[in-house]
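A.B. asks: Please see the structure below; I have some questions.
Every number in this text was worked out from the coordinates using simple rules, so none of it is lab data. Remember, it's a predicted structure, so these values are computed and weren't measured experimentally. For neighbour counting, all protein chains shown are included, and Cβ atoms are generated from backbone atoms with ideal geometry for every residue, glycine included.
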Amino acid sequence: MAERKGYYMKNYNYAPAFKVALHYGQVIAGEIGIIKRDVTFSGDVLNTASRIQGKCKEYGVTILVSDDLLNLLPETNLFQRISIGDVELRGREQSILLSTLKAVDLH
C-alpha cells in the first residue's frame, strides 16, 4: 500500500489505509442460501476481533493483536511486540491483553 500511495493520491486524491485486529478462537462456518450460496462465519472470536479492531484508532496504531494469540506464535525478529496492556472491550466481561507490532528494520 505504501508503495502505491502516490498512484492513489494522483488518481483519487486519497490513499487507502487499513486497521487490523488479530485474535483466535473457535469459529462456526456454514453455507447459506439456495440460489445464491454464501459462506458465513459466526462465533465470539469474530465479535472480539471486531472490538479489538475498533480500538486501533484510540491507541493510534494500525494493528492490534491479542496477547492470547501472540503467546501461541513462534518468536520472530521481523516484528517488535509493543504491549498496549489490559483493555476493556464493549460486550465482554473480561478485559483482554493487547499488543501492537512494529516492523523491525533489518538493514
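A.B. asks: As a quick test, which of the pairs LYS5/LYS36; LYS10/LYS102; LYS36/LYS102; LYS5/LYS55 have an alpha carbon distance above 31 angstrom in this structure? Can you show the working numbers first?
C.D. replies: Details: LYS5/LYS36 36 Å; LYS10/LYS102 28 Å; LYS36/LYS102 41 Å; LYS5/LYS55 24 Å.
Where the Cα-Cα span goes over 31 Å, the pairs concerned are LYS5/LYS36; LYS36/LYS102.
A.B. asks: Continuing with this model, one more query. Given the -39500 (n - 2.57) contribution per DSSP H run of 4+ residues, what per-residue ellipticity at 222 nm results for the chain, rounded to the nearest 500 deg cm²/dmol? Numbers along the way, then the final one.
C.D. replies: On the way: 4 runs with 27 residues, N = 107.
Calculated from helices alone, the mean residue ellipticity at 222 nm is -6000 deg cm²/dmol.
A.B. asks: Can you work out the FRET efficiency for the pair ARG92 and GLN26, with r the C-beta to C-beta distance and R0 = 25 Å, to the nearest 0.05?
C.D. replies: Plugging the Cβ-Cβ distance into 1/(1 + (r/R0)^6) gives 0.95.
A.B. asks: Within the chain, what is the longest stretch that has no chymotrypsin sites (Phe, Trp or Tyr not before Pro) placed in a DSSP loop and near at most 12 other beta-carbon atoms within 10 Å?
C.D. replies: On the way: sites that count: TYR14, PHE18.
Within the chain, the longest run free of exposed chymotrypsin sites (Phe, Trp or Tyr not before Pro) spans 19-107.
A.B. asks: Over all distinct alpha-carbon pairs, what is the Kirkwood Rh of segment 20-103 in angstrom? Kindly include the intermediate steps, with their values, before the conclusion.
C.D. replies: Numbers: mean 1/r = 0.0708 Å⁻¹.
Across segment 20-103, the inverse of the average 1/r is 14.1 Å.
A.B. asks: Next up: Where in segment 9-99 are there trypsin sites (Lys or Arg not before Pro) that are in a DSSP coil and have at most 12 other Cβ atoms within 10 angstrom of their Cβ? Don't jump to the answer; show the numbers that get you there.
C.D. replies: Values: sites: LYS10, LYS19, LYS36, ARG37, ARG51, LYS55, LYS57, ARG81, ARG90, ARG92; in loops: LYS19, LYS36, ARG37, LYS55, ARG90, ARG92.
Answer in residue order: LYS36, ARG37, ARG90.
A.B. asks: Checking the cross-link filter: which aspartates and glutamates have an alpha carbon closer than 18 Å to that of LYS19, excluding same-chain neighbours under 8 positions apart?
C.D. replies: Partners found: GLU3, GLU58, ASP67.
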